[in-house]
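Heads up, the thing below is written out as structure tokens.
Bear in mind these aren't lab numbers, they're just calculated from the coordinates by the rules spelled out. Since we're looking at a predicted model, the values are computed, not measured. Cβ placement follows ideal geometry from the backbone for every residue including glycine, while neighbour counts extend to all protein chains displayed.
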Amino acid sequence: MAWSEVGGTTQTLTAGGTPDVLDTETVAGDYRLTIDMSAFVNGDTGLITIATKVRTGGTSRVLAQYPFANIQANPNWMSPVIAVTTEIIVTVTQIAGTGRSITWSLYFEGFAGSSPPTAAAIADAVWDEDATAHQIGGTFGQAIGDPGASTETLYKAIVTDPAGINIAADVIAVKAVDDAVLVDTNELQTDWTNGGRLDLLIDAIKAITDELASAANAASAVWASAIRLLTAGTNIVLAKGTGVTGFNDPTVGAIADQVWDESIAGHVGAGSTGEALTNAGAAGVPPTVGAIADAVWDEAIAGHAGVGSTGEALTSAGGAGTPPTVAEIATEVYDQANGVEAGFSLRQAMRLMSSVLVGKMSGGGSTTNAFRDLTDNVTRVSAIVDEDGNRTAVTKDTS
């Protein structure tokens, strides 16, 4: 991947040994620091420090330090490539000499942490998210991520039933009725076979008609003709001496066709399958996959920002605002309350240490030692010592 600048500016260093934090980055990747050091003159000394964390949640500690002094023969300084997994902090400390102006740049190979994620990156994060952590009832996360979700649950996650209708339940009811019809038609097929119930009844009728045929007068009186068509349009014909002939057994397919082709209008009583199917048809054509996808992406996030939801994460990402400047970060680090010990920020602790280490001292050999600040304006530390030089009481001024 290409190198890209994640931080850089021209600034004047603080003289007197106070470190200036140039940049802090928290995106994993390779970093390289470059500094234009052409402003330094003979007598100037300083230190470039690079600190990193070993693991997330740990403390950034010194990884490498590069001292410099006097005029730089090669003023454009560049660090080696530094592999970072959690955090990198780069600082420059001018120890001796007037604070000099430097121009610096921190380069990153890969995705720059200060740039917002692309639409493709957000889409990847949404689709790759483990949906088992988003199982609120009725949500899209439950619909696609609950391996135990029923077909009805998945359907209702994206389609709303019309008022008073439960499409999933009605479909189940229709299937139950259809199963019952199939049982009855199978039973009819058994009854029509030779020796079945209906076949035996027809045989009994035939026996009676045979007996009637032996009485010619009775037959003539009853039938009045050799063959009589019982009902116009039917296929059942009774003939003297032969009984029932021409009976047309309906097939399972014919019965099923008749059931499905029957007009629903005459079968819409309360609680009936016809009523359920009529109401289901009123729901309209179900949405296409494209229409569902459009509805998901075009839905306003404002109504879907519950705790732990994707909507909340996207809203929070969009509201992050402008990242803090290097100066703001440095001020926050130095003035963090209780940053070193209880009651002492890093800035206050460094004032005390620099006073004792490199500030003017008075009272040597006596019972009271006084240490001045670097500008010789304030007594930072006043220590009462015993005859062995051990401090028995210390007064501190961190203002």
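Some values worked out for this structure:
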{"item": "Label-point separation, Glu129 to Ala270 (7 Å along Cα→Cβ), nm", "result": "4.6 nm"}
{"item": "Ranking of Val381, Val177, Val81, Val307 by count of other Cβ atoms within 10 Å, fewest first", "result": "Val307, Val81, Val177, Val381"}
{"item": "Which of Glu187, Glu25, Glu387 has the fewest Cβ neighbours within 10 Å, and the rest in rising order", "result": "Glu387, Glu187, Glu25"}
{"item": "The stretch 338-396: radius of gyration over Cα atoms, expressed as a fraction of 2.2 N^0.38 Å", "result": "1.15"}
{"item": "At R0 = 56 Å, FRET efficiency that the Cβ-Cβ distance of Ser399 and Thr288 yields, to 0.05", "result": "0.20"}
{"item": "Computed over the stretch 3-115: relative contact order in percent, which uses C-alpha pairs under 8 Å that are six or more apart", "result": "50 percent"}
{"item": "Angstrom value of the Kirkwood radius, inverse mean 1/r, which spans all Cα pairs in the stretch 3-115", "result": "14.4 Å"}
{"item": "Fewest-first sequence of Val62, Val6 by Cβ atoms within 10 Å of each Cβ", "result": "Val62, Val6"}
{"item": "Nearby aspartates and glutamates by direct alpha-carbon distance to Lys53 (threshold 17 angstrom, same-chain neighbours under 8 apart not counted)", "result": "Asp23, Glu25, Asp30, Glu87"}
